[in-house]
Amino acid sequence: MISLGETLSFLPRVDSTNNYAMAQIRAGLAKHGNGYFAAEQTAGKGQRGKGWQAEPGANIILSLVLQPHWLQVSRQFHLSAAVALGCYDFFHSLAGDDTSLKWPNDIYWRDRKAGGILIENLLSGNSWQFSVAGIGLNINQTHFPDALANPVSLRQITGREWDVPHLIKELCRCLQLRYQ
């Protein structure tokens, strides 16, 4: 089995990594485990049509292509749980015990939002074709738009700057463990 993030493609600027991953799938250019990460998104997506804003180059903006053929479509929550727990494991390892999940898609540190997950699915009847797990985690950003309620970054929590590409590989390792 190919590991999640085994093949990572860097996108300097894109509307949305989820949109890009879906376009790659539709063009027949993506396979399970491919990851697409961006320095900047111009139209990042969140849950229920909300946008996701991030300072260019400062955060993890990643979409992973998944083919969960082994999982019944009616059990989609298990995929969401695996992705959420992988993100939790990753952030908890760096930010500590004040890390929590707001099910099914938000990573929190104390009462402050550190990241979010958006999973989009391509189904054919009762058959799962692909899923794209979009993950946004605040890493080095220290200033956020006023409209955001209680955001926080890993840098604000730890007081140090982080190497985002290195952290993406570690995140993929955590996700792979939960996906298995």
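Looking at (1) among the acidic types (Asp, Glu); (2) at pLDDT below 90; (3) in a helix (DSSP H, G or I), find the lone condition where ASP89 falls short.
Among (1) among the acidic types (Asp, Glu); (2) at pLDDT below 90; (3) in a helix (DSSP H, G or I), the lone unmet condition for ASP89 is (2).
Looking only at region 101-128, which residues are in contact (Cβ under 8 Å) with a residue 40 or more places away in the chain, part of a strand (DSSP E or B) and exposed (fewer than 13 other Cβ atoms within 10 Å of the Cβ)?
LEU123, SER127
For the condition touching a strand residue (DSSP E or B) at 6+ places or on another chain (Cβ under 6 Å), at pLDDT below 95 and on the phi > 0 side of the Ramachandran plot, what is the one hit in ASN121, ASN150? Steps first, answer last, please.
Values: ASN121 fails: on the phi > 0 side of the Ramachandran plot.
Testing whether each residue is touching a strand residue (DSSP E or B) at 6+ places or on another chain (Cβ under 6 Å), at pLDDT below 95 and on the phi > 0 side of the Ramachandran plot leaves just ASN150.
Out of SER3, SER9, which single residue is surrounded by 14 or more Cβ atoms within 10 Å (Cβ to Cβ), small (Gly, Ala, Ser) and touching a residue at least 40 places away in the same chain (Cβ under 8 Å)? First the steps, then the outcome.
Working: SER9 fails: touching a residue at least 40 places away in the same chain (Cβ under 8 Å).
Every option except SER3 fails the conditions.
Kindly provide the set of residues from region 129-154 that are within 18 Å of the chain's Cα centre (by Cα) and not in a strand (DSSP E or B), ordered by number. Give the derivation first.
Step one: list which residues in region 129-154 are within 18 Å of the chain's Cα centre (by Cα), which gives 130-141, 151-154.
Passing the criteria: ASN138, ILE139, ASN140, GLN141, VAL152, SER153, LEU154.
ALA133 is checked against (1) over 26 Å from ASN34 (Cα atoms); (2) touching a helix residue (DSSP H, G or I) at 6+ places or on another chain (Cβ under 9 Å) and fails just one. What number does that condition carry?
Single failed check for ALA133: (1).
Yes or no: region 68-80 includes at least one residue that is assigned to a helix (DSSP H, G or I), surrounded by 15 or more Cβ atoms within 10 Å (Cβ to Cβ), small (Gly, Ala, Ser) and without any contact (Cβ under 8 Å) to a residue 40 or more places away in the chain.
At the first step, the residues of region 68-80 found to be assigned to a helix (DSSP H, G or I) are 73-80.
Filter once more, so that each one left must be surrounded by 15 or more Cβ atoms within 10 Å (Cβ to Cβ): 76, 79-80.
Narrowing further to those that are small (Gly, Ala, Ser): 80.
Applying the additional criterion that residues be without any contact (Cβ under 8 Å) to a residue 40 or more places away in the chain yields 80.
Within region 68-80 (the criterion being assigned to a helix (DSSP H, G or I), surrounded by 15 or more Cβ atoms within 10 Å (Cβ to Cβ), small (Gly, Ala, Ser) and without any contact (Cβ under 8 Å) to a residue 40 or more places away in the chain), the answer is yes, since at least one residue qualifies.
Of all residues in region 141-153, how many are out of contact with any Phe, Trp or Tyr (no Cβ under 6 Å at 6 or more places or on another chain) and either crowded, with 19+ Cβ neighbours inside 10 Å or of a type in the set (A, V, I, L, M, F, W, C) (or both)?
Start the filter on region 141-153 by keeping residues that are out of contact with any Phe, Trp or Tyr (no Cβ under 6 Å at 6 or more places or on another chain), which leaves 141-150, 153.
Retained after the next criterion (residues that are either crowded, with 19+ Cβ neighbours inside 10 Å or of a type in the set (A, V, I, L, M, F, W, C) (or both)): 141, 144, 147-149, 153.
Of the residues in region 141-153, 6 are out of contact with any Phe, Trp or Tyr (no Cβ under 6 Å at 6 or more places or on another chain) and either crowded, with 19+ Cβ neighbours inside 10 Å or of a type in the set (A, V, I, L, M, F, W, C) (or both).
The values are calculated or read from the model by the stated rules, or taken from the named source; none is laboratory data. Nothing here was measured: the structure is a model prediction, and the numbers come from that model. Every residue, glycine among them, receives a Cβ derived from its backbone with ideal geometry; neighbour counts consider all protein chains shown.
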